[in-house]
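Q: Got a structure here, written out as structure tokens. Questions coming.
The values are calculated or read from the model by the stated rules, or taken from the named source; none is laboratory data. This is a predicted model, so every value here is computed, not measured. Using ideal geometry, Cβ is built from the backbone for each residue, glycine included, and neighbour counts are taken over all protein chains shown. In case anyone asks, the SASA skips ligands and DNA or RNA and just uses the protein heavy atoms, side chains included. Shrake-Rupley method; radii C 1.70, N 1.55, O 1.52, S 1.80 Å.
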Amino acid sequence: MDFQIRDAITANMTNNSAEDIRGVVEDAIKRGEEHLLPGLGVFFEKLWNSSGEQEKSQMTNELAKVFQAG
């Protein structure tokens, strides 16, 4: 992922409220456009990097559940 994308998303999201961020995430998912996926990846990267080991375990357990076949 290009660092310019990270920087642009960080600049655009700085000081946004939780409601604003939720709107951005829900809009990106609703649209389903592939070019929005890197932006959601930046969100996840920031969350991951700011999380402790327990939070990372919770996230990976939840991801494992949603990706289970079945």
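Q: What is the residue count in the stretch 41-70 for residues that are of a type in the set (F, W, Y) and farther than 16 Å from V25 by Cβ?
A: So the answer is 1.
Q: Which one of these is at pLDDT below 95, surrounded by 10 or more Cβ atoms within 10 Å (Cβ to Cβ) and not hydrophobic (A, V, I, L, M, F, W, C): D2, D7, D20?
A: D7
Q: A further question follows. Could you give every pair whose Cβ atoms fall below 9 Å, whose first residue belongs to the stretch 27-48 and is within 19 Å of L63 (Cα to Cα), and whose second residue is among the acidic types (D, E), counting only separations of at least 6 or pairs across chains?
A: P38/D2; L47/E55; W48/E55
Q: Please verify whether the stretch 47-60 includes one or more residues that are of a type in the set (S, T, N, Q), at pLDDT 95 or above and open to solvent by less than 50 Å² (accessible area, probe 1.4 Å). Show your work before the answer.
A: Step one: filter the stretch 47-60 for residues of a type in the set (S, T, N, Q), giving 49-51, 54, 57-58, 60.
Applying the additional criterion that residues be at pLDDT 95 or above yields 49-51, 54, 57-58, 60.
Keeping just the survivors that are open to solvent by less than 50 Å² (accessible area, probe 1.4 Å) gives 51.
Looking through the stretch 47-60, at least one residue is of a type in the set (S, T, N, Q), at pLDDT 95 or above and open to solvent by less than 50 Å² (accessible area, probe 1.4 Å).
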